[in-house]
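First up is the structure itself, then whatever we jot down about it.
Read-outs: derived from the displayed coordinates by stated rules, not from any lab. The shown structure was predicted, so the numbers you read here are calculated from the model rather than taken from an experiment. Please note: Cβ atoms are built from the backbone with ideal geometry, for glycine as well, and neighbour counts cover all protein chains shown.
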Amino acid sequence: AIKAFLFDLDGVIVDTAIYHYQAWRRLANELGFDISEEFNERLKGVSRTDSLDIILAHGGLILSDEKKAELAAQKNKWYLDLVSRMTSDDILPGVATFFSQVRKAGLETALGSVSKNAPLILERIGMTQAFDAIIDGTKISKGKPDPEVFAKGAQELDRQPAECVVFEDAVAGVQAGKRAGMFVVGLGSPDVLTEADLIAPSLEALTVEEVLAKVG
Ligand code: G6P
Ligand code: MG
């Protein structure tokens, strides 16, 4: 039976996915090229360094490790400028209701994000206490689509993969959840999140009861 829900952060709990995109786009523009929203789907859920590599390859650039570290730091500075203005008003629609249903159902919760900024964002939106376990980018060595982040979440809750449901908005995140052996709810477009077990536009469109019924 399902005992725990594991949530991605960016694009699931809070709409920071747009801030990541804006900061990466600004960086690409400064390097002399552009990245589209469609291209950005490839970056969602992918670590900072992997994202930079994908962007540089897209722009046909090969840079030194030193220069790459500098660019990654620059992107993060711009990203933090955007994030620093966030409050609990930035929590996505439906999240609060869904989390109260999760608690009523007696389920455990974990955060599974590869973002090193995840703890800061949870503090800003006042949701640190909403999670029984928090796995962020500082606790893992491999980003999504590697299953490590969700495997660690289950481990910290002392649960088996078959007892967990993952909520993800990213292609790489859905893959990570599947590779971890979990039921995955994709939040977004069915055209993009093809590998998810269940797809909805957002948490607002779902109830806990409905999710548990689909897992069967
Ligand atoms: C999440 C986001 C990605 C981001 C990654 C690393 O997975 O979806 O867009 O690149 O976290 O975030 P960080 O805050 O550590 O740069
Ligand atoms: Mg995400």
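Observations on the structure shown:
- Using alpha-carbon coordinates, inclination of helix 17-30 to the longest axis of the chain, degrees: 10 degrees
- Computed log10 I(q)/I(0) for segment 131-216 at 0.16, 0.18, 0.23 Å⁻¹: -0.60, -0.75, -1.17, from the Debye equation with unit scatterers placed on every C-alpha and solvent omitted.
- In the elastic network of the chain, a GNM with C-alpha springs shorter than 10 Å, the most mobile of D158, D191, D169 is D191.
- Net charge, T87 excluded, C-beta distance under 12 Å - Lys, Arg +1, Asp, Glu -1: -1
- Percent breakdown of C-alpha pair distances by 10 Å bin, ordered from the shortest bin, for segment 66-207: 11, 36, 40, 11, 1
- Ellipsoid fit via the Cα gyration tensor, segment 1-57: semi-axes of 27, 12, 8 Å, each the root of five times an eigenvalue, largest first.
- Build a GNM of the chain with springs between Cα atoms under 10 Å apart, and of V174, V83, V184 the one that fluctuates most is V83.
- Under 14 Å from a label point set 7 Å out along the Cα-to-Cβ vector of F33, the amide N atoms of segment 55-71 belong to 55-63.
- Residue order for F167, F150, F98, fewest other beta carbons within 10 angstrom first, comes to F98, F167, F150.
- Neighbourhood charge, 14 Å Cβ-Cβ cut-off, centred on D132 and excluding it, Lys, Arg +1 and Asp, Glu -1: 0
- Across segment 77-156, the convex hull enclosing all Cα atoms gives 107 Å³ per residue.
- R0 of 41 Å, Cβ-Cβ distance I54-K104: FRET efficiency to nearest 0.05: 0.50
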